[in-house]
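These notes are about the structure you will find just below.
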Amino acid sequence: MVVKRDGHREPYDREKLYRGIRRACEKRPLPVGELENAVEEIERALYRLGRTEVASQVIGEMVMEKLATMDSIAYIRFASVYRSFSDLEEMRQEMDELLRRSNKPG
């Protein structure tokens, strides 16, 4: 089960996860199968948590981590919806953080 921000619960929906990632990655030059692999990796991480209920925020953060490694534009697209940026400054700060992480050695 997924616990939403408002507290209501809904069954986990793999297709909903895939659609969210696919929407963020639209028209991005990603290899065939990469979206499916991302969903599978996120699902494995969720199962490793060993919980019957997971907060939607946990899933959202997992998606953000995965997108950050896949495609920076897809990451920003997803983040802009997920984090509900209120202005360009918030978006710029998120981009600065992404750039800082991607330039980190190792």
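Each reported figure results from applying straightforward, stated rules to the coordinates on display, with no laboratory input. Since this is a predicted model, take the numbers as computed values, not measurements. So basically every Cβ, Gly included, is an ideal-geometry build from the backbone, and we count neighbours across all protein chains shown.
Roughly what angle does helix 34-49 make with the longest principal axis of the chain, taking Cα atoms, 0 to 90 degrees, to the nearest 10?
50
Grab every C-alpha pair in the chain, bin the distances at 10 angstrom width from 0 up to the longest one, and report whole percents.
Cα pair-distance distribution for the chain, in percent: 13, 44, 34, 9, 0.
Within 10 Å, count the other beta carbons around each residue, average over each peptide in 66-73, 40-47, and list them highest first.
Final packing ranking: 66-73, 40-47.
Using helices alone, what [θ] at 222 nm do you get for the chain, with -39,500 (n - 2.57) per DSSP H run of 4 or more residues, divided over all residues and rounded to the nearest 500?
Roughly -21000 deg cm²/dmol at 222 nm, from the helical runs in the chain.
Relative contact order (percent) for the chain, with alpha-carbon contacts under 8 angstrom and 6 or more residues of separation?
Normalised by residue count, the contact order of the chain is 28 percent.
Under a point spin-label approximation (7 Å from Cα along Cα-to-Cβ), what is the Glu97-Ala45 distance to one decimal in nm?
Between Glu97 and Ala45, the simple spin-label model gives 1.5 nm.
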